[in-house]
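Peer 1: Following this message is one structure expressed as structure tokens.
Here, each number is a calculation from the coordinates, and none is a lab measurement. Predicted, not measured: the structure shown is a model, and the values here were computed from it. Neighbour counts run over all protein chains shown; Cβ positions are idealised from the backbone, glycine included.
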Amino acid sequence: MNKINISEKFELFTEEWTPKIISESNGQLVKIAKGSGELICHKHDNEDELFIVFKGQLTLQLKTENIVLNPGEMYVVKKGIEHCPKAQPNTHFMMIEPSSTEHTGDTVNNITVSSSHQEWI
């Protein structure tokens, strides 16, 4: 495997809230995404989801609190916890999650990307 330049990977796409897979390790997918505004509220019944911010600010709105992540910060949303990601314009972030994790968990709408259609870059 070759080393991966994460900054270069972010330059390869413009879509927002459409995770791109950049690597896999022990059944965990390493995904990057860009976001602005709000995704939909959802949960993953069987998987934890780790978020790391590289640029901008990502807020994970939980039922009990808002977790605000700035560049260099991370947070793990535990399985079964409803969360609603909200991003400042042009926020760049990474997610590390089991390969079984569906994009918008238990909620499906027109922005949902099925796991079988998530793109490797």
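Peer 1: Around PHE10, under 13 Å between beta carbons, what's the net of Lys plus Arg minus Asp minus Glu among the other residues?
Peer 2: +1
Peer 1: Relative to the present Cα-Cα distance, how much length would full extension add between SER99 and ASN46 at 0.36 nm per residue of separation?
Peer 2: In short, 17.9 nm is gained.
Peer 1: Is it possible to state the helix-based mean residue ellipticity at 222 nm for the chain, with each DSSP H run of 4+ residues giving -39500 (n - 2.57), the sum divided by total residues, to the nearest 500 deg cm²/dmol? What is it?
Peer 2: The helix contribution divided over the chain gives -1000 deg cm²/dmol.
Peer 1: Continuing with this model, one more query. Obtain the nm distance between the two label points defined at ILE121 and THR14 by a simple spin-label model: each point lies 7 Å from its Cα along the Cα-to-C-beta direction.
Peer 2: Calculated label separation equals 1.2 nm.
Peer 1: So for the chain, taking the charge dipole from beta-carbon charges (+1 Lys/Arg, -1 Asp/Glu), which of THR91, ILE22, VAL76 sits furthest toward the positive end?
Peer 2: The residue sitting farthest along the positive end of the dipole is THR91.
Peer 1: Of the listed pairs LYS3/LYS79; LYS20/LYS43; LYS3/LYS63; LYS3/LYS55; LYS20/LYS79, which have alpha-carbon separations greater than 28 Å here?
Peer 2: Among LYS3/LYS79; LYS20/LYS43; LYS3/LYS63; LYS3/LYS55; LYS20/LYS79, the Cα-Cα distance tops 28 Å for LYS3/LYS79; LYS3/LYS63.
Peer 1: What distance in nm separates the two pseudo spin-label positions at GLU82 and LYS3, each 7 Å out from Cα along the beta-carbon direction?
Peer 2: So the two model labels end up 4.4 nm from each other.
Peer 1: At a threshold of 8 angstrom on Cα-Cα distance, excluding pairs fewer than six apart, so keeping six or more, what relative contact order does the chain reach in percent?
Peer 2: Normalised by residue count, the contact order of the chain is 32 percent.
Peer 1: Can you pull the semi-axes for the chain, root of five times each eigenvalue of the Cα gyration tensor, sorted largest first, whole Å?
Peer 2: The equivalent ellipsoid of the chain has semi-axes of 20, 17, 14 Å.
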